[in-house]
Amino acid sequence: MSLPELKHPGYTLEDWQSWEGRWELIHGEAYAMTPSPSLAHQSLSSSLHVAIGKALQETKRRSGGHCQLFSAPTDVFLETGVLIPDLLVVCDPAKLSERGVEGAPDLVVEILSPSTGQKDLTTKRWCYEAAGVPEYLLVYPEERRTELLVLGANGIYQTVARVEWGGNLRLLGGKLEITLGEGGESLP
């Protein structure tokens with residue numbers, strides 16, 4: 001298995017392309033994406049994927065939108081590196097390529113876990129903010145709630161909603177509405 005070797009001043013996209021396995025590359029630093037997330041994490045991700053997917057289908061039916069939903073592992077190429085969010089929505093087909101998503105998705109969802117939560121709250125948040133990702137949804141499984149951050153006019157994320165399981169959450173500028181934990185399937 002080819003693993004990154006310590007090198008300075010940092011890893012490059014060319015280095016990243018040579019590694020085996022799943023890795024994120026952020027500001028020249030390598031982050032292993034293994035082992036795979038827990039079954040509870042995967043179940044929650046699947047439930048959110050279904051809820052967002054249904055809402056997108058309804059929006060497409062009503063207004064003919066072009067947004068697409070993707071789940072991990074999907075590589076997102078930003079100026080700061082290559083990130084792999086849990087879920088993401090892209091509404092501009094020009095951002096989709098053979099290698100993944102080129103530029104800022106319209107929505108990024110990260111499910112916080114004990115091993116990656118701090119990175120999601122800091123390093124990845126700053127990357128998404130700097131890239132201009134309009135909405136960043138943080139999911140706190142242990143607290144059974146979400147927090148929706150929206151990019152303000154000043155380029156800084158603002159918390160616009162905190163929603164607990166069972167509540168309704170509006171995404172993509174209010175175009176989508178999902179119910180968290182609908183039917184209880186996403187509860188840990």
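Just so it is clear, none of the values below were taken in a lab; they were calculated from the coordinates. Model, not experiment: these values are computed from the prediction. All Cβ positions, even for glycine, are placed from backbone atoms using ideal geometry, and neighbour counts span all protein chains on display.
Note down the net charge around E79, summing +1 for each Lys or Arg and -1 for each Asp or Glu among other residues with Cβ under 13 Å from its Cβ. Don't jump to the answer; show the numbers that get you there.
On the way: positive: none; negative: E102, E129.
Every neighbour counted, the sum reads -2.
How large is ³J(HN,Hα), in whole Hz, for each residue of the range 11-19 in order, when computed from phi with the Karplus curve 6.51 cos²θ - 1.76 cosθ + 1.60 and θ = phi - 60°, using x for Gly and Pro?
6, 10, 4, 5, 4, 3, 5, 8, 7
With no other cysteine's Cβ closer than 4.7 Å, which Cys residues of the chain count as lacking a disulfide-compatible partner?
By the Cβ distance rule, which asks for a partner under 4.7 Å, the isolated cysteines are C127.
Net charge within 12 Å of C127 by Cβ-Cβ distance, Lys/Arg positive one each and Asp/Glu negative one each, not counting C127 itself? Please report the intermediate quantities before stating the final value.
On the way: positive: K119, K124, R125; negative: E24, E29, E79, E110, D120, E129.
Residues near C127 contribute -3 overall.
If I stretch the segment between I156 and M33 completely, what's the gain in nm (0.36 nm per residue apart, minus their alpha carbon distance), one decimal? Mind dumping the intermediate values first?
Working: separation 123, 0.36 × 123 = 44.28 nm, distance 2.69 nm.
Here the answer is 41.6 nm.
Could you tally the net charge around E143, taking each other residue with its Cβ under 12 Å from the Cβ of E143, Lys/Arg +1 and Asp/Glu -1?
Numbers: positive: R144, R145, R162; negative: E142, E147, E164.
Neighbour charge sum, excluding E143 itself: 0.
Please give the direction-averaged projected area of the C-alpha convex hull for the chain, in square nanometres with one decimal. Walk me through the numbers on the way to the answer.
Numbers: hull surface 44.7 nm².
Taking the Cα atoms of the chain, their convex hull projects to 11.2 nm² on average.
Between L149, L13, L96, find the one with the highest GNM mean-square fluctuation for the chain; connect C-alpha pairs within less than 10 Å.
Of L149, L13, L96, the Gaussian network model singles out L13 as fluctuating most.
Run through the range 40-120 and list the trypsin sites (Lys or Arg not before Pro) located in a DSSP loop whose Cβ has at most 11 other Cβ atoms within 10 Å. Before the final figure, lay out the partial values.
Values: sites: K54, K60, R61, R62, K95, R99, K119; in loops: R99.
When the trypsin sites (Lys or Arg not before Pro) of the range 40-120 are filtered for loop state and at most 11 Cβ neighbours within 10 Å, R99 remain.
Just to be sure I understand: with springs between alpha-carbon atoms less than 10 Å apart, which residue in P85, P73, P93 has the highest mean-square fluctuation in the Gaussian network model of the chain?
P93
So, in nm, how far is label R144 from label H66 when the simple model puts each one 7 Å beyond its Cα toward the Cβ?
Going from the R144 label point to the H66 one covers 4.1 nm.
Please label the shape of the range 46-141 as rounded, prolate or oblate, based on the square roots a ≥ b ≥ c of the eigenvalues of the alpha-carbon gyration tensor (a/c under 1.5 means rounded; beyond that, a/b larger than b/c means prolate, else oblate). Present the calculation step by step, with values, prior to reporting the outcome.
Details: a/c = 2.00, a/b = 1.30, b/c = 1.55.
It is oblate, given that a/c is not under 1.5 and a/b is not larger than b/c.
Taking R0 as 25 Å, what FRET efficiency do you get between Q57 and A94 from their Cβ-Cβ distance, rounded to the nearest 0.05?
Working: r = 22 Å, r/R0 = 0.87.
The formula returns an efficiency of 0.70 here.
Using Cα springs under 10 Å in a Gaussian network model of the chain, which residue among T12, T34, T116 shows the largest mean-square fluctuation?
The residue that fluctuates most here is T34.
Go ahead and estimate [θ] at 222 nm for the chain from helices alone: -39,500 (n - 2.57) per DSSP H run with n ≥ 4, summed, over the residue count, rounded to 500. Present the calculation step by step, with values, prior to reporting the outcome.
Numbers: 4 runs with 45 residues, N = 188.
Estimated from H runs of four or more residues: -7500 deg cm²/dmol.
Would you work out the charge dipole size for the chain about its Cα centre, treating the Cβ of every Lys and Arg as +1 and the Cβ of every Asp and Glu as -1, and quote it to the nearest 20 debye?
Working: 16 positive and 25 negative charges, 116 e Å.
That gives a dipole near 560 debye.
Helix 39-63 sits at what angle to the longest principal axis of the chain, using alpha carbons and giving 0 to 90 degrees rounded to 10?
Here the helix axis deviates by roughly 60 degrees.
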